[in-house]
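To keep things clear, I will list the structure first and then write my remarks on it.
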Amino acid sequence: MTPTPQSQGLNNIAGNWQFSPSSTAGGSTSLTMAGSITQTGKVIGGAMHFDGSSCFDSVTTIALTGTLTGGKLSLSSTPVNGQVTTLTGSVTDSTFSGSYAVTGGCADGETGTLTGMKMWNITGSLNSTFTNTGNQTFSGVAQITEGTAGPEGNFGISGTATFTNRCFASGTITSGVFPSGSYLLGTSLVLAIHTNNGTVTFHGTVDESFGQIMGDYAISGGTCDETGTAVLGDSSPWDY
């Protein structure tokens, strides 16, 4: 990923972020927030999505604006169904620690602590093993490129893939915009791989500590439709 030009002494926080809120007001215990952070000097923007909330639709983009001053980040959203979300805390190039609060609307009064992590750029080669519900396996290798942040907060994924599957040998990965096509949003990776005998769709979660992406897949639109689980492993270290 090409670094964003920064003023001297400022952290470079632009990138794909995954946040984990912990409510202190009886809110959801499985709430997450993910999306992109953009940066021009001290001016910060964001496009995020809440997941696990009964008050926010996960498809709705939450636009954030704010400032970075001396390692302190402050962001505030435009209203979403009357709800305004604020984030404040300390940030480095790759981590955030602070708090969040929601005022107005359905989630009014929701507050808590907030931690965040900037995700690695996953451009490179991904070796994969697919196991269907009948415990039969096939393997694949995907050569992927992570694009720049889009207005929905996701990072489009494009590339090619080869397989040992009996029904198809290769496919094309088409970049998309959340929630369709191929994209990365926080730790969530979705691949739509188009072959000459159906489409392989993968939904997985990036685990940077193990360099793996684990999830579910489905093959549809061809003569070998099936479902199962898949593990994608990076063959070279991911870079920030």
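Listing for the model above:
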read-out	value
Criterion (surrounded by fewer than 18 Cβ atoms within 10 Å (Cβ to Cβ), out of contact with any strand residue (DSSP E or B) (no Cβ under 7 Å at 6 or more places or on another chain), at pLDDT below 95 and not assigned by TED's automatic domain parsing to the domain that holds ALA149) met by exactly one of GLY109, GLY82	GLY109
In the stretch 124-146, the residues that are within 17 Å of GLY211 (Cα to Cα) and surrounded by fewer than 17 Cβ atoms within 10 Å (Cβ to Cβ)	SER125, ASN127, THR129, VAL141, GLN143, THR145
Qualifying residue in the stretch 128-147 (condition: touching a His at 6+ places or on another chain (Cβ under 7 Å) and small (Gly, Ala, Ser))	no
In the stretch 205-218, the residues that are over 15 Å from ILE122 (Cα atoms) and free of Cβ contacts under 8 Å to residues at least 40 places away in the same chain	GLY215, ASP216, ALA218
Residue within the stretch 73-84 that is assigned to a strand (DSSP E or B) and under 20 Å from the mean Cα position of the chain (by Cα) present	yes
Scope the stretch 124-148; condition in a strand (DSSP E or B), closer than 15 Å to ALA230 by Cα and of a type in the set (Val, Ile, Thr); matching residues	THR129, THR131, THR137, VAL141
Some residue of the stretch 149-159 being outside the structural domain of GLY45 (by TED's automatic domain parsing), more than 25 Å from ILE13 (Cα to Cα) and assigned to a strand (DSSP E or B)	yes
Count of the stretch 172-190 residues which are closer than 17 Å to GLY15 by Cα and of a type in the set (S, T, N, Q)	2
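Residue by residue, here is whether (1) outside any strand (DSSP E or B); (2) over 21 Å from THR133 (Cα atoms); (3) under 14 Å from the mean Cα position of the chain (by Cα); (4) modelled with pLDDT of 95 or more holds:
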residue: THR172; (1), (2), (3), (4): no, yes, no, yes
residue: HIS194; (1), (2), (3), (4): no, yes, no, yes
residue: GLY222; (1), (2), (3), (4): yes, no, no, yes
residue: GLY228; (1), (2), (3), (4): no, no, no, yes
residue: SER236; (1), (2), (3), (4): yes, yes, no, no
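Matching residues to (1) at pLDDT 95 or above; (2) over 21 Å from GLU208 (Cβ atoms); (3) among the aliphatic types (A, V, I, L, M):
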| position | (1), (2), (3) |
| --- | --- |
| SER22 | no, no, no |
| ALA34 | yes, no, yes |
| VAL43 | yes, yes, yes |
| ASP51 | no, no, no |
| LEU64 | yes, yes, yes |
| GLY70 | no, yes, no |
| SER76 | yes, yes, no |
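The values are calculated or read from the model by the stated rules, or taken from the named source; none is laboratory data. Just so we're clear, the structure is a prediction, and the values are computed from it rather than from any experiment. Ideal geometry is used to build each Cβ from the backbone, glycine not excepted, and the neighbour counts take in all protein chains shown.
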